[in-house]
Structures are given as structure tokens and as C-alpha cells.
Amino acid sequence: MHNLQLILFIAALLLIDRYVLSGLRGLPKKRRFFHKASFTRSYWIFTALLLAVIFFVIYIKVGFGVRLGLLILFFLVYLCKVSFALFILVDDVRRAGIFLSRKNKSSPQTPEAKTEPFVIPRSEFLMQAGLLAGAVPLAAIGLNMQSGLYDYHIKRHILYLPNLPKAFDGIRLGQISDIHSGSFYNPRAVRGGVDMLMREKADLIFFTGDLVNRITPEMKDYQDIFSKVKAPLGVFSSLGNHDYGDYAEWPNEAAKQKNFNDLVTTHKNLGWDLLRNENRRLKIGNDEIGILGVENWGEIHRFPRRGRMDITIKNTDDLPVKLLLSHDPSHWRAQVLPEYPQIDVMFSGHTHGMQLGVQTEHFQWSPVQYIYNEWAGFYHEGPQQLYVNVGYGFIGIHGRVGILPEITIFELKSAIDPKLKRA
């Protein structure tokens, strides 16, 4: 988040807090608790700690699960506050209407006459309803968090590539990302998602990193399931920040290296072509395109930077289209756009959409957007494109609200995106 945006965002939250506090203190005097100075102090101390969460998750090195938990807490609390604030607004409109109505009905007063000010108390009913409404989002989200974990959704897109060879026009490309097998506890549900992907009959499939949470043995119960992910033109995969074993404790470096070697072997056992700073020439007839895979590279320094684009693009200059698998979407703006204009499309994951937010056809929002500029769906910058998949699995919080697990199906088209033509 840019500094100005951050300042404006916090200022807006403080205004909401001030309004909510005025509503609580406007309750009838019999609600003594809300009128005590100690309550006001406690309210602002809690608010300050809550706002500090923003700086903590942006600037402090901490695991994804901790950041996710803190951000979910932050936005759930403010969701409740906004719900309550709406009822305060309704009550203020009611009180303003009554005030204006009484004032218009009052007889004219002489200059010497003194009139008592109109005092319209807040409606205790509306305030209590507001408090209840503030609690409803918590209850609703609590009930729906786990129901979304395995609610796989297929998202279909046309991927326009002006230089796409004729032989590749119309082929279907599938993408999944962020399996995080260490979080799964329902193999049957996981298998159902794989079956959904296979029914799409994609010609080739990309997996864009984070096979595990911490250690390779997490895949033990799921290797047979994901080995069913096949495609006629191949399944290509890349590594994510969780795949290197950096989040586990190891007795020595040799043990960590063995774990990583086992993970590389797991990709091979799945039948997936793991691309580690390398590329493949995908051929149909006499036509070819490039499939490039780079190791993890994140703009945020707490994530590993093992990607070597200079090696990845070697011997690809003659290829008319280059599709890049790179786990972290921040790689696109930080390095790919300014240094590698030959990359047509980059496919990423990593963000999970923070597993909390709203996604519709024309609108999307998630707290993760305050950390990542690109976090879900399509992005364009000139002729270059990025697609961010919000993940197949989950990590940290065992829940998804609004941002459901994703299977993406692209149809490749040899044309210019009509949206870009209009722009």
C-alpha cells in the first residue's frame, strides 16, 4: 500500500471509530458502562492496537498464517463496526427529521423569548439492533468459513495472444496453484476438485507452486490423488516459497536439502515437469511456443528470491509466445515488466486472496490488496499480462469466505483482447 493510500485508509477508519463511539455514548444514561471515561480509553487503546496490525503485517517479517489471522481479525472487527455505524446513521437521520419537523411546527418567538433546545434522544431499539447487527457478520462468517474450504469453482477465461501460432489457437490451458497439502484433512473432497479439473479435458496444465506447507511428507496421503492430474501436452509446475522447507526446523542443512530433493522427486512421481529456472519448447505440428518456469522470486524480502530469469529465458528468442510460471505475483511488476518485455503472460498464485473477501464478475475486494497490487484474476500492462490464481488449498486459518478455491481454464486465442482495443 502506498503511504498516501495508507494515511487516507487509516483516517477513514478513525472517522468510523469516532462515529461508532458517539453512538455508544449516545445510548440512554442507564447504559452507564458506555458513558464511563474508562470505556472511552479502553476503546481507543483497542483501536490503536488494531490499527497497528496494518503496519505489522506490511513491514514486519512474519509467517503467512500469522498475517492472515491478524488481517482477518482486523477486518472482522471493522465489519462489525461498520454494521453498527449504519444503524447509528439511520437513527441520526430519524432524529434530524424529528428536529426539523418540530422546528417547523414551532410558533415564531420574540427576540426576548428563550426556547429550550430540542433534545431528541437516540432510539435504544435502533442502538440495540445495531449492536446485534454488528455481531451477525461474525456469526455468519464463522458458520461459512469451513464450508468454503473445498468448494472448488471453475473460472473460465479467454487468453488473447496476438502472436499465437495457428496450431495453438483454441487449445485449453488449466491452472491450479497453492495446493498446501499439509492443511488438507478431507481426501475425498480434494479428489473431487481434481475430478472437476480432469472433466475439463485441458490440453495442458500449469501448477504454480506451494505443493506443501512445511515438509515433503505432507504429500504422502495426496500423491495418488494429484497424480491423476494429466494433460495431453503435459503438466508443467514451478516452486513456491513454502516448497523450500524454510518454515520447518531442521537438525542440519543436509536434512533440509534431503527434504527439498524429495519434493523435487514428488513432482516427478506425479508426472509433472518441474521447471526450475528453465524452459520447454511446446510443439504442435511445425509451430512452437515457450513454457518457462522460474523459481520463487518475491518483492517482499521475507520470501526467497531464487528465481533467475536470465537463465530461464535462454534460447527462447525465436519463440513467438512465452508463457511464464512464477509463483509470486509481485515478481511481475518488480522484475518481469521492466526487464523482460518478451514475456507474454505470467501465471501466479501465492496470495490466496487472503481467503477472505468478495469476488464477482465486475468487482473484487480483499484485505490482501493492501499488500499486493495484483492479487486475483487478470492484469494487463501494455501487451504483457498476468493471471493470479487464488489457490486450490488453504493455509493458516482453516476457512475461506468469499474467496473460494479456484480451478482456472483458459482458451488460447490468436487475437488482440477486445478490452484493450476499446482502451
Positive dipole terminus of the chain, leading residue within 60, 321, 181 (C-beta point charges): 60
Counting Lys and Arg as +1 and Asp and Glu as -1, each charge on the Cβ, what is the dipole of the chain about the Cα centre in debye, to the nearest 20? 1940 debye
Take every Cα pair under 8 Å in the chain that's 6+ residues apart, average their separations, divide by the length, and report that relative contact order as a whole percent. 20 percent
Rank 283, 413, 103 by mean-square fluctuation in a GNM of the chain with C-alpha springs under 10 angstrom and give only the top-ranked residue. 103
Ordering 253-265, 345-357 by per-residue average of other C-beta atoms within 10 angstrom, highest first, gives 345-357, 253-265
Ranking of 153, 301, 180, 242 by count of other Cβ atoms within 10 Å, fewest first: 301, 153, 180, 242
Compute for the range 291-330: radius of gyration divided by Kirkwood radius, i.e. Rg/Rh, restricted to C-alpha atoms, rounded to two decimals. 1.02
Under 19 Å from the residue 60 label point (7 Å along Cα→beta-carbon), backbone N, the range 366-383: 368, 370-372
Whole percent per 20 Å bin, from 0 to the bin with the longest distance: what is P(r) over all C-alpha pairs of the chain? 23, 46, 21, 8, 1
Calculate, in nm to one decimal, what residue 169 and residue 317 gain on full extension: separation in residues at 0.36 nm each, minus their alpha carbon distance. 51.2 nm
Peptides 70-81, 5-16 ordered by average Cβ neighbours within 10 Å, highest first: 70-81, 5-16
By the mean-Cβ-within-10 Å protection proxy, highest first, 213-222, 190-199 rank as 213-222, 190-199
Applying 1/(1 + (r/R0)^6) with R0 = 41 Å to the Cβ-Cβ distance of residue 308 and residue 365, what FRET efficiency is obtained, to the nearest 0.05? 0.75
Extending each Cα 7 Å along its Cβ direction at residue 280 and residue 42, get the distance between those two points in nm, one decimal. 6.1 nm
Read phi for every residue in the range 175-182 and hand back ³J(HN,Hα) as whole Hz from Karplus 6.51 cos²θ - 1.76 cosθ + 1.60, θ = phi - 60°, with x for Gly and Pro. 9, 10, 8, 6, 5, 6, 4, x
Near residue 259, within a Cβ-to-Cβ distance under 12 Å, what is the net charge of the other residues, with Lys and Arg +1 and Asp and Glu -1? -3
Total charge of the residues flanking residue 171 in space, meaning their Cβ is under 9 Å from its Cβ, with Lys and Arg +1 and Asp and Glu -1, is -2
Can you pick out the pairs among 155/220; 201/322; 166/322; 283/419; 268/322; 81/155 whose Cα atoms lie more than 26 Å from each other? 155/220; 283/419; 81/155
One finds, for residue 262 and residue 199 with R0 = 35 angstrom and r their Cβ-Cβ distance, a FRET efficiency to the nearest 0.05 of 0.70
Under the rule of -39500 (n - 2.57) per DSSP H run of 4 or more residues, summed and divided by the residues of the chain, what mean residue ellipticity at 222 nm is obtained, to the nearest 500 deg cm²/dmol? -12000 deg cm²/dmol
Out of 186, 373, 286, a Gaussian network model of the chain with alpha-carbon springs under 10 Å gives the largest mean-square fluctuation to 286
Cut-off 10 angstrom, C-alpha nodes, Gaussian network model of the chain. Which of 412, 211, 386 fluctuates the most? 412
When the Cα atoms of the range 141-213 are enclosed in a convex hull and the volume is divided per residue, what value in Å³ results? 120 Å³
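Every number in this text was worked out from the coordinates using simple rules, so none of it is lab data. What you see is a predicted model; the values in this text were computed from it and never measured. Reconstructed Cβ throughout: ideal geometry from the backbone, glycine too, with neighbour counts over all protein chains shown.
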